[in-house]
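Visitor: Below: one structure in structure tokens.
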Amino acid sequence: MSQIIDKINQIRQDNPQNLMARYFSAEYFNGLNEADQARLLGIFASGIENPDSSMGAYAQAPEDYDKFSTALDPLIRDFHGIADGIEIAQKHDWPNAETANCNLAEIDPKLKDVSMRVRVARNASTYPLPGAMSKDQRISFENEAVAAFEKLIEDEAFGGQYLSITPGSKYEISSAEYDKRVAAHQMFKDMSSDRFLNVAGISADWPYGRGMYVSRDQDFLVWVGEEDHLRIMSMMSGGDLGALFGRLHAGLKKLTGLLPPFATSPVYGNVTSCPTNLGAGMRASLHMKLPNLTKGGTDLSVVTAAAKDLGLAVRGAGGEHSAAGSDGLVDVSPSARLGVTEREIMQRLFDGAKALWALEVKA
Ligand code: DAR
């Protein structure tokens, strides 16, 4: 075990952004029994094999965050900006669509048709997390999700269809249909090429147990078997964040009653594979064209720094690790997901977009 400790210490020196390595305690690790040492190394595997990781950890079991909180709490606090000693108490408070008063068109009429997305990650408490699921468990969970979707298909507001990429599934789609849905930014990309998810076990058995539910209106979608058991999302073009969040909340409430119970932690709220998604489990984002701030999409440094000051993260519109569009199209999203409510996330997104737009028009 001393070799792995030496490796992590070297990663800490060479990759200061790697939170797993930054906070790894050899003393704590050596105090664990062999079985728990193996479990903790499973959680840290992605950050060890990918030193360039930012978080460097993926939970493998719903109880990991509570069982290994001594090792994981420092990483979680650092990422979510919660100082030591401050109690982490995840509360939930969804905005009311009618009174949210967060319409981007009120900032500038040019922002009346922005691509908006909000998603929550949820994991069933009755299965291991995706990194530790067997192929049979992935298929079994997908079948439980399908049973819920078969009820949702009849629903007036959320009726739609389930599209599976599990070979042999009665809902299996063609590779052409899969590619079309990925190109439309609806379906998730092939995970087996993601080196972080591969080491964490999250992309194992691809494509078994994976698929997507999409409503007739194409604005309510559920990913099955991506980084978490479920990614439940609403996607719209427009500017009314209240309508976007209201659509997701209504769909989430309908689904919650049809699915196995979700995994939650008394401290960290909704349990997710990656510690960056704990708490509300929510990522809310806008695709904004900021050609001036991004120098035509060639330089994200200025917009990233400005966004960070606003509590926002910026990345390419093609998803994690993607570049900006030539028209300056970027994905803007509040960073904090733990210790903030759904309503606060929406407000931060609106306020942040307003501030970034002010910088864009002045640049
Ligand atoms: N490769 C992981 C990404 C962490 C945040 N993104 C997620 N969970 N999709 C890292 O630790 O860098």
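The values are calculated or read from the model by the stated rules, or taken from the named source; none is laboratory data. Since the structure is predicted, the reported quantities are computational estimates derived from the model, not experimental observations. As a convention, Cβ positions derive from the backbone with ideal geometry for all residues, glycine included, and neighbour counts pool all protein chains shown. The accessibility values were calculated without ligands, DNA or RNA, using every heavy atom of the protein model including side chains. Shrake-Rupley method; radii C 1.70, N 1.55, O 1.52, S 1.80 Å.
Visitor: Among the residues of segment 309-363, write down those that are over 21 Å from the mean Cα position of the chain (by Cα) and aromatic (Phe, Trp, Tyr).
Guide: TRP357
Visitor: Within segment 319-342, track down each residue that is open to solvent by 40 Å² or more (accessible area, probe 1.4 Å) and under 16 Å from GLU227 (Cβ atoms).
Guide: GLU320, HIS321
Visitor: Among the residues of segment 133-153, which ones are touching a Gly at 6+ places or on another chain (Cβ under 6 Å), modelled with pLDDT of 95 or more and open to solvent by 20 Å² or more (accessible area, probe 1.4 Å)? First the steps, then the outcome.
Guide: Restricting attention to segment 133-153, the residues satisfying the condition of being touching a Gly at 6+ places or on another chain (Cβ under 6 Å) are 138-139, 142, 153.
Now narrow it down to the ones that are modelled with pLDDT of 95 or more: 138-139, 142.
The answer is ILE139, and nothing else.
Visitor: A further question on this structure: Taking segment 20-31, which residues are away from the ligand (no atom under 16 Å from the Cβ) and either touching a helix residue (DSSP H, G or I) at 6+ places or on another chain (Cβ under 9 Å) or polar (S, T, N, Q) (or both)? Full working, then the answer.
Guide: Looking only at segment 20-31, we keep the residues that are away from the ligand (no atom under 16 Å from the Cβ), and these are 25-31.
Answer for segment 20-31, where residues must be away from the ligand (no atom under 16 Å from the Cβ) and either touching a helix residue (DSSP H, G or I) at 6+ places or on another chain (Cβ under 9 Å) or polar (S, T, N, Q) (or both): SER25, ALA26, TYR28, PHE29, ASN30.
Visitor: How about segment 269-286: which of its residues are buried (at least 24 other Cβ atoms within 10 Å of the Cβ) and assigned to a loop (DSSP other than H, G, I, E, B)?
Guide: VAL271, THR272, SER273, LEU278, ALA280, GLY281
Visitor: So if I check each of GLY85, GLY159, which one is under 30 Å from TYR208 (Cα atoms), exposed (fewer than 15 other Cβ atoms within 10 Å of the Cβ) and of a type outside the set (Asp, Glu)? So that I can check it myself, show each step before the final result.
Guide: Details: GLY85 fails: under 30 Å from TYR208 (Cα atoms).
GLY159 is the lone residue from the list that is under 30 Å from TYR208 (Cα atoms), exposed (fewer than 15 other Cβ atoms within 10 Å of the Cβ) and of a type outside the set (Asp, Glu).
Visitor: Still on this structure, please answer the following. GLU34 - would you say it is away from the ligand (no atom under 14 Å from the Cβ) and either small (Gly, Ala, Ser) or open to solvent by 10 Å² or more (accessible area, probe 1.4 Å) (or both)? Give the steps one after another, and end with the answer.
Guide: Details: away from the ligand (no atom under 14 Å from the Cβ): yes; either small (Gly, Ala, Ser) or open to solvent by 10 Å² or more (accessible area, probe 1.4 Å) (or both): yes.
Yes.
Visitor: Return yes when PHE68 is away from the ligand (no atom under 11 Å from the Cβ), farther than 26 Å from THR126 by Cβ and of a type in the set (Phe, Trp, Tyr) and no when it is not. It would help to see each step written out before you state the result.
Guide: Numbers: away from the ligand (no atom under 11 Å from the Cβ): yes; farther than 26 Å from THR126 by Cβ: no; of a type in the set (Phe, Trp, Tyr): yes.
No.
Visitor: Among the numbered conditions (1) free of Cβ contacts under 8 Å to residues at least 24 places away in the same chain; (2) within 30 Å of LEU310 (Cα to Cα); (3) open to solvent by less than 50 Å² (accessible area, probe 1.4 Å), tell me where ALA105 comes up short.
Guide: In the conditions (1) free of Cβ contacts under 8 Å to residues at least 24 places away in the same chain; (2) within 30 Å of LEU310 (Cα to Cα); (3) open to solvent by less than 50 Å² (accessible area, probe 1.4 Å), ALA105 misses (1) alone.
Visitor: With the requirement that a residue be within 12 Å of the ligand (Cβ to nearest atom) and free of Cβ contacts under 8 Å to residues at least 12 places away in the same chain, what does segment 312-329 give you?
Guide: The answer is GLU320, HIS321.
Visitor: For segment 188-202: of the residues being open to solvent by less than 10 Å² (accessible area, probe 1.4 Å) and part of a loop (DSSP other than H, G, I, E, B), which is nearest to ALA57 (Cα to Cα)?
Guide: ILE202
Visitor: Which numbered condition trips up PRO51, out of (1) open to solvent by 40 Å² or more (accessible area, probe 1.4 Å); (2) within 14 Å of the ligand (Cβ to nearest atom); (3) on the phi > 0 side of the Ramachandran plot?
Guide: (3)
Visitor: Can you tell me which residues in segment 314-352 are in contact with a strand residue (DSSP E or B) (Cβ under 7 Å, 6 or more places away or on another chain), farther than 27 Å from SER265 by Cβ and small (Gly, Ala, Ser)?
Guide: GLY316, ALA317, SER322, ALA323, ALA324, GLY328, GLY352
Visitor: Listed residues ARG39, ARG22; which is within 17 Å of VAL199 (Cβ to Cβ), part of a helix (DSSP H, G or I) and either without any contact (Cβ under 8 Å) to a residue 60 or more places away in the chain or open to solvent by 20 Å² or more (accessible area, probe 1.4 Å) (or both)?
Guide: Working: ARG22 fails: within 17 Å of VAL199 (Cβ to Cβ).
Being within 17 Å of VAL199 (Cβ to Cβ), part of a helix (DSSP H, G or I) and either without any contact (Cβ under 8 Å) to a residue 60 or more places away in the chain or open to solvent by 20 Å² or more (accessible area, probe 1.4 Å) (or both) holds for just one of ARG39, ARG22, which is ARG39.
Visitor: Looking only at segment 235-258, which residues are of a type in the set (A, V, I, L, M, F, W, C) and open to solvent by 20 Å² or more (accessible area, probe 1.4 Å)? Working first, answer last.
Guide: Filtering segment 235-258 down to residues of a type in the set (A, V, I, L, M, F, W, C) leaves 235-236, 241, 243-245, 248, 250, 252, 255, 258.
MET235, MET236, ALA243, ALA250, LEU258 - these are the residues of segment 235-258 that are of a type in the set (A, V, I, L, M, F, W, C) and open to solvent by 20 Å² or more (accessible area, probe 1.4 Å).
Visitor: Exactly one condition in (1) more than 24 Å from the chain's Cα centre (by Cα); (2) free of Cβ contacts under 8 Å to residues at least 12 places away in the same chain; (3) surrounded by 14 or more Cβ atoms within 10 Å (Cβ to Cβ) is not met by GLN13; state its number.
Guide: Status for GLN13: all satisfied but (3).
Visitor: Listed residues ASN277, ASN270, ASN292; which is in contact (Cβ under 8 Å) with a residue 40 or more places away in the chain and either within 13 Å of the ligand (Cβ to nearest atom) or of a type in the set (Lys, Arg) (or both)? Even if it seems obvious, please write down each step before you answer.
Guide: On the way: ASN270 fails: either within 13 Å of the ligand (Cβ to nearest atom) or of a type in the set (Lys, Arg) (or both); ASN292 fails: either within 13 Å of the ligand (Cβ to nearest atom) or of a type in the set (Lys, Arg) (or both).
One residue alone meets the criteria, ASN277.
Visitor: Another question about this same structure. Cβ contacts < 9 Å: first residue of a type in the set (Asp, Glu), restricted to segment 141-164; second residue surrounded by 15 or more Cβ atoms within 10 Å (Cβ to Cβ) and assigned to a helix (DSSP H, G or I), any location; separation 6+ or different chain. Result?
Guide: Listed by first residue and then by second, the contacts come to ASP155/LYS254.
Visitor: Here is a follow-up. Do the conditions hold for ALA121, that is, is it under 23 Å from the mean Cα position of the chain (by Cα), surrounded by 13 or more Cβ atoms within 10 Å (Cβ to Cβ) and in a strand (DSSP E or B)?
Guide: On the way: under 23 Å from the mean Cα position of the chain (by Cα): yes; surrounded by 13 or more Cβ atoms within 10 Å (Cβ to Cβ): yes; in a strand (DSSP E or B): yes.
Considered against the rule, which asks whether it is under 23 Å from the mean Cα position of the chain (by Cα), surrounded by 13 or more Cβ atoms within 10 Å (Cβ to Cβ) and in a strand (DSSP E or B), ALA121 comes out as yes.
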